[in-house]
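Rule-based calculations on the coordinates, nothing more; no lab input. Keep in mind the model is a prediction, meaning the values are calculated, not measured. All Cβ positions, even for glycine, are placed from backbone atoms using ideal geometry, and neighbour counts span all protein chains on display.
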Amino acid sequence: EVQLVESGGGLVQPGRSLKLSCAASEFTFSSYYMAWVRQAPKKGLEWVATISTSGNRTYYPDSVKGRFTISRDNAKSSLYLQMNSLKSEDTATYYCARPANTGDYFDYWGQGVMVTVSS
Amino acid sequence: DIQMTQSPHSLSASLGETVSIECLASEGISNYLAWYQQKPGKSPQLLIYYTSSLQDGVPSRFSGSGSGTQYSLKISNMQPEDEGVYYCQQGYKYPYTFGAGTKLELK
């Protein structure tokens, strides 16, 4: 069974940085695009970033572009999200998600990690 | 960005009842529409992809339909385990966007 396990969340002050990690297992990590999706408390889902199999292509919505960086290490089957210049509106549970081979939907999700941005 | 408008915001259904949830895209998305179910404290689970394809392991009482800008999820024979929040998501173009969610409760 595909497993995605996020880590690195916590409480951080506005303007500071935080890096999330996602450890993947039970599938060929290097063959899949990977993504992050977030959910603010009591709110809906928001796609945050996607990275191609080799890492040479990345995609972001305007809400995080220039502040967040998605990356991956295929040798370690790991996905990362570097979050800089954090704002209170970035407070959310962050999910590591695997896009299907067609790339247009997410067939597996991690359990999520909470990020709280507050002074 | 493509806006996804989901309706209703919430609904309640009796055991065995059939319910439908609608999702309207602000522009055509060529059937690149997925549905997810989320239960309290859990991560979303994929139910349907490409409008009407059922994800492995999902009960056949879930079905999807639609085209162009209008899509729907139908749940036949409502069961207690179907309670949760349902989201639609377009995968036609970046930025991928989700509907606001529909909360389904058992009456």
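Quick look at the values:
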| read-out | value |
| --- | --- |
| Check on A:S63, more than 22 Å from B:K39 (Cα to Cα) and not charged (D, E, K, R) | yes |
| Pick from the stretch A:52-86, criterion under 20 Å from A:Y105 (Cβ atoms) and over 10 Å from the mean Cα position of the chain (by Cα), ranking: surrounded by the most Cβ atoms within 10 Å (Cβ to Cβ) | A:R72 |
| Hits in the stretch B:50-95 - residues which are away from every other protein chain (no Cβ under 14 Å), within 18 Å of B:T5 (Cα to Cα) and not in a strand (DSSP E or B) | B:G68, B:T69 |
| Test: residue in the stretch B:28-47 that is more than 11 Å from chain A (Cβ to nearest Cβ), surrounded by fewer than 16 Cβ atoms within 10 Å (Cβ to Cβ) and either under 25 Å from B:K93 (Cα atoms) or among the hydrophobic types (A, V, I, L, M, F, W, C) (or both) | yes |
| Qualifying residues in the stretch A:60-108 (those that are touching a residue at least 40 places away in the same chain (Cβ under 8 Å), farther than 25 Å from A:R16 by Cβ and part of a loop (DSSP other than H, G, I, E, B)) - the one farthest from the other protein chains (Cβ to nearest Cβ) | A:S77 |
| Matching residues, the stretch B:12-27, being more than 18 Å from B:S53 (Cα to Cα) and either within 14 Å of chain A (Cβ to nearest Cβ) or surrounded by 15 or more Cβ atoms within 10 Å (Cβ to Cβ) (or both) | B:A13, B:V19, B:L24, B:A25 |
